[in-house]
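Nothing in this text is a laboratory measurement; each read-out follows from the coordinates by a stated rule. Not measured: the values here are computed from a predicted model. All Cβ positions, even for glycine, are placed from backbone atoms using ideal geometry, and neighbour counts span all protein chains on display.
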């Protein structure tokens, strides 16, 4: 079983330095891209590979890149004054006395096409969702792979500047990344005229202030600009108007790490790594009361049962599987009937949840599902930016109801009220996806564990205390 993303990672040891990374085949994809391929050809290879974003949404990476305007001086306003001259010659002369033709005044200067128009590539390493820790594995274990992925991806986009937006608590990752960035600059892989290709790319490490909202791409862009991490209105989308109003792409760390392997080995090779229609390998994780919690690189499309029983070692002695959140804290529960579904984007969606980050949080039969969900809702309510009313008011409302139920103070009608909240905070009813994601574990807990909620109301206490 090939494991391209983790083959260089040695748990408990320092990551490979630049010489070790090159000896293991590193930076070959960068050389191939910059010296043998045009930017559009790199994007086309990523399209053909069917690489889908590994940050949660699963949007096709190559298609996302294709939305970025390409070519010198783009995007730029159209010279509409010239068109007006043609339509109405009567407005050709200004009325201010100088008699300068309006079209000439508004026409772009002849050197416009040679003016560089900055674009940005941002690695989203703000891994703030509970239960999600896969990117830390890559950031700490193989930082040069992250850097090579950013260089190749930025070249495809013709981005001149890149940022790694890192979770504030990842101190070891920050140290290792900065060391690797310094080595890449010294080797001439970052900066001006990389490999004599006339391509320039500068890369910076930026540590976030620690807000979950910065994981949303436009909230991240605001934070990077020094503003509050509130989401932005879309459109315009970041691909045309992102960081400081310039074309920008925000990709997850694992997504970017996959790119060099696609360029080096080809799209068909990448597709062959998978068990499903979704290509490549995936960094899956498991947390909860299993025997071996951790992360593993596995073929896309392994089953939930295989992940938990074979790789995570099954449930701890005396405990039974009750359910799992398949893709981090903001996904719907899957239960025993779903253990044999493939963990890929379409299969998990068909089962009523989302693959998300692919990091599974396991619920056992000795843990109270009401307390489990209450803990998650407390987190999401605290992390809401407060920009829109449903999220700002609805999430604390759900927290208060769940707290009362857990303490034996629940009332008749509480479950219906919680169900109503999950609908009012559903997709399309809030400014961004935080609230819809926040209520996914709650709405599915009400579906699969309703008898546990009802026991709290009848017995006036938590049965697990």
Exercise for review: Quick one: grab the alpha carbon gyration tensor of the stretch 369-459, order the square roots of its eigenvalues as a ≥ b ≥ c, and give me rounded if a/c is under 1.5, else prolate or oblate depending on whether a/b is larger than b/c.
Suggested key: prolate
Exercise for review: Give the Debye-formula value of log10 I(q)/I(0) at each listed q (0.20 Å⁻¹), with one equal scatterer per alpha carbon of the stretch 171-319, two decimals each.
Suggested key: -1.25
Check your understanding: Does anyone have the angle between helix 39-49 and the longest principal axis of the chain? Alpha-carbon axes, 0 to 90°, nearest 10?
Key -> 30 degrees
Practice item. Please say if the stretch 235-386 is rounded, prolate or oblate, where rounded means a/c under 1.5 for a ≥ b ≥ c the square roots of the C-alpha gyration tensor eigenvalues, and otherwise the choice is prolate for a/b larger than b/c and oblate otherwise? Key: oblate
Revision key, fill the gap. With Cα coordinates, the longest principal axis of the chain makes an angle with the long axis of helix 253-265, in degrees rounded to 10, of 60 degrees
Review point. Taking Cα atoms, how many degrees apart are the long axis of helix 414-424 and the longest axis of the chain, rounded to 10 and kept between 0 and 90?
Key: 10 degrees
Practice item. Would you compute, from DSSP H runs of 4+ residues alone, the mean residue ellipticity of the chain at 222 nm, taking -39500 (n - 2.57) per run and dividing by the full residue count, rounded to the nearest 500? Key: -11500 deg cm²/dmol
Study note, to complete from the structure: Note on the chain, DSSP bridge orientation, antiparallel percent to nearest 5 equals 45 percent
Review point. Hey, fewest Cβ within 10 Å first, where do 49, 444, 258 land in order?
Key: 444, 49, 258
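Do you know the relative contact order of the chain, to the nearest whole percent, from alpha carbon pairs under 8 angstrom that are 6+ apart?
15 percent
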Study note, to complete from the structure: A student applying the Cα gyration tensor rule (rounded when a/c is under 1.5; otherwise prolate if a/b is larger than b/c, oblate if not) would label the chain oblate
Check your understanding: Highest mean first, what order results for 296-309, 235-248, 449-462 on Cβ atoms within 10 Å?
Key -> 296-309, 235-248, 449-462
Exercise for review: Mind jotting down the distance between the C-alpha centroids of the stretch 355-370 and the stretch 281-331, whole Å?
Suggested key: 9 Å
